[in-house]
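The values are calculated or read from the model by the stated rules, or taken from the named source; none is laboratory data. Just so you know, these numbers come straight off a predicted model, no measurement behind them. Because the Cβ atoms are built from the backbone with ideal geometry, glycine has one as well, and the counts that use them run over all protein chains shown. Just so you know, the surface numbers come from the protein's heavy atoms only, side chains and all, with ligands and any DNA or RNA stripped out. Shrake-Rupley method; radii C 1.70, N 1.55, O 1.52, S 1.80 Å.
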Amino acid sequence: MNQDIHEYLAELEDIPGTRVFTARRARQGYHLNQFAMSLMKPENRERWKADERAYLDEWPMSEEQKQAVLARDYNRCLDLGGNVYFLAKVFSTDGLSFAEAVSTMTDMTFPEYREMMLNGGRSAEGNRSIKANRAAAGAADQQGGY
Amino acid sequence: MARITAGVGSSHVPLLGVAVDQGKTGDDYFGPIFAGYEWTREWEKREKPDVVILVYNDHASAFDASIIPTFAIGCGERYKPADEGWGPRAVPDVEGHADLAWHIAQSLILDDFDMTIINEMDVDHGLTVPLSMMFGQPEAWPTKVIPLAVNVVTYPVPSGNRCWALGEGIARAVASFPEDLNVQIWGTGGMSHQLQGPRAGLLNREWDTKFMDLLVGDSQAARAIPHIEYLRETGSEGIEMVMWLIMRGALGRETKLLHRHYHIPCSNTAIGHIVLDPAE
Ligand SMILES: [Fe+2]
């Protein structure tokens, strides 16, 4: 099971619409995730709700991270090192269910997302590899050219 | 002598705990899921395990980002249900088995597995939901529990092969414990699901079915499944299924299928569970 670490990490970046929580993201998002974790305590939730910006300013987070949290832009939070189990403390505090919060990261409304799940979920077909999708798109373009 | 008498693989979706706690287990949405567990609940009533080694992962409840143990074993006397942000579940405290847990911890370390030892922690839905699925709503859980927490969140998580080998080590450790105990091992989490990003909502019935097939009989093929395959085929959170391989590894060379069930969806997730006997 000896795999080259560079190949291993490169593969993790080849999945469409997915940010695997690698060490790089864990480092980048450390304070973002620890901030989110702090909302586990009711007294912190109260202070957060009273003044979100002031609460965020207590944490050594980047301005981008703070803006992403304030906007509840969870894809942006993931890009900046957030992890969904930590971010869950933010959307739970907002009173959102896991499924509803997750749906905001897709291109669907919550009812559309729920419908997709009831119908068997999103297929892995065409969602496995960025490289493979690019190659397939390239091949299709070429075919169209002939 | 203590012995591992059976293994269970099961999803641990938090919404199932909500369904139990709010009495919704018979409604249209949850009914088919709980019906699938009925056989297993009856079977557990007959089996009466003394101890369950419960392999699960913490979801930013007991552990924050400051310490990330790859394999951690609970050696405490008891554990409280965690407050996951909306108050702790109204389920009984979990009673540990400190003697057996410390015996396993020591044995594993001597067997080259560098375990983290936990004396105090709260346990989240990863651990309490499977208990609810197998035992319903008793006054007290009918078994002692040894929590075994695995990092399946921050990469690299342990390989399937390492998980399987840890299971083998746990089986050796249990077999050398002098007290006569009926021990089960449960691997929890999964099955296919992705909770993040534009690809969220991915489910893969075909792959999940194949994975369950691989746990029955004498095949060792599942231990070689690389992380990237779980990620591509089962969504970013499907990686939790490596925890089922700790259970499978602990059952020895060959297993016999007692029961399996699969249902889509529960919230964002494919629900599956399997009950296995070690075939001796
Ligand atoms: Fe989980």
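Using a Förster distance of 30 angstrom, determine the FRET efficiency expected from the C-beta separation of A:Glu125 and A:Asp57, and round it to 0.05.
0.10
Taking a 1.4 Å probe, which of B:Trp102, B:Trp141 shows the most accessible area, and what order do the others take after it?
Most to least solvent-accessible, the answer reads B:Trp102, B:Trp141.
To the nearest 0.05, what FRET efficiency results for B:Asp83 and B:Asp213 with a Förster distance of 41 Å applied to their C-beta separation? All intermediate terms of the calculation are to be shown ahead of the outcome.
Details: r = 39 Å, r/R0 = 0.94.
Taking R0 as 41 Å, the efficiency between B:Asp83 and B:Asp213 is 0.60.
With every protein chain left in place and a probe of 1.4 Å, what is the accessible surface of B:Phe177, to the nearest 10 Å²?
Near enough 20 Å² of accessible area.
Roughly what % antiparallel, to the nearest 5, for the DSSP beta bridges in the protein assembly as shown?
Once the DSSP bridges in the protein assembly as shown are tallied, antiparallel ones form about 45 percent.
Order the following by accessible area, largest value first: B:Arg46, B:Arg199, B:Arg205. Probe radius 1.4 Å; ligands, DNA and RNA are ignored.
Numbers: B:Arg46 155, B:Arg199 5, B:Arg205 125 Å².
Ranked from most to least accessible, the order is B:Arg46, B:Arg205, B:Arg199.
Starting from 0.36 nm per residue, how many nanometres of slack lie between A:Arg76 and A:Glu115 once their C-alpha separation is accounted for? Please list the in-between numbers first.
On the way: separation 39, 0.36 × 39 = 14.04 nm, distance 2.50 nm.
So the chain would gain 11.5 nm between A:Arg76 and A:Glu115.
Report B:Lys256's accessible area, 1.4 Å probe, all protein chains in place, as a number in Å² to the nearest 10.
110 Å²
As an exercise, take the mean of 1/r over every pair of distinct alpha carbons in the range A:17-125, invert it, and state the Kirkwood radius in angstroms.
Its Kirkwood hydrodynamic radius stands at 14.6 Å.
Among DSSP beta bridges lying fully in chain B, give the percent that are antiparallel, nearest 5.
Of the beta bridges lying entirely in chain B, close to 45 percent run antiparallel.
Per-residue Cβ counts within 10 Å, from other chains only, averaged over B:231-240: what number is that?
The shielding value for this peptide is 4.
Mind checking the mean number of beta-carbon atoms from other chains within 10 Å of the Cβ atoms in A:15-24?
6
For B:28-35, what's the mean count of beta carbons from other chains sitting within 10 Å of each residue's beta carbon? Each step should come with its number before you reach the end.
Numbers: counts 0, 1, 0, 0, 0, 0, 0, 0.
Mean shielding by partner chains, rounded to a whole number: 0.
Can you pull the one-decimal nm distance between simple spin-label points at A:Glu46 and B:Glu139, each 7 Å off the Cα toward Cβ?
Here the answer is 3.6 nm between the modelled labels.
Relative contact order of chain A: what whole-number percent is it, with Cα pairs under 8 angstrom and at least 6 residues apart?
Values: 104 pairs, mean separation 40.2, N = 146.
This gives 28 percent for chain A.
Could you go through the range A:125-136 in sequence order and give the Karplus-derived ³J(HN,Hα) for each residue, using 6.51 cos²θ - 1.76 cosθ + 1.60 with θ = phi - 60°, rounded to whole Hz, and x for Gly and Pro?
The phi angles translate into 4, x, 10, 8, 8, 5, 4, 5, 5, 4, 4, 5 Hz.
Under the rule of -39500 (n - 2.57) per DSSP H run of 4 or more residues, summed and divided by the residues of chain B, what mean residue ellipticity at 222 nm is obtained, to the nearest 500 deg cm²/dmol? Working shown, then result.
Working: 8 runs with 92 residues, N = 280.
Helix-only estimate at 222 nm: -10000 deg cm²/dmol.
For chain B, what is the largest minus smallest coordinate of the Cα atoms on each principal axis, given in angstrom and ordered from greatest to least?
Rounded to whole Å, the extents work out to 47, 41, 41 Å.
What does the C-alpha gyration tensor say about the overall shape of the range B:27-169? Classify as rounded when a/c is under 1.5, otherwise prolate if a/b is larger than b/c, or oblate.
prolate
Any chance you could look up the accessible area of B:Thr5 with a 1.4 Å probe, heavy atoms only, rounded to 10 Å²?
Surface accessible to solvent at B:Thr5 totals approximately 30 Å².
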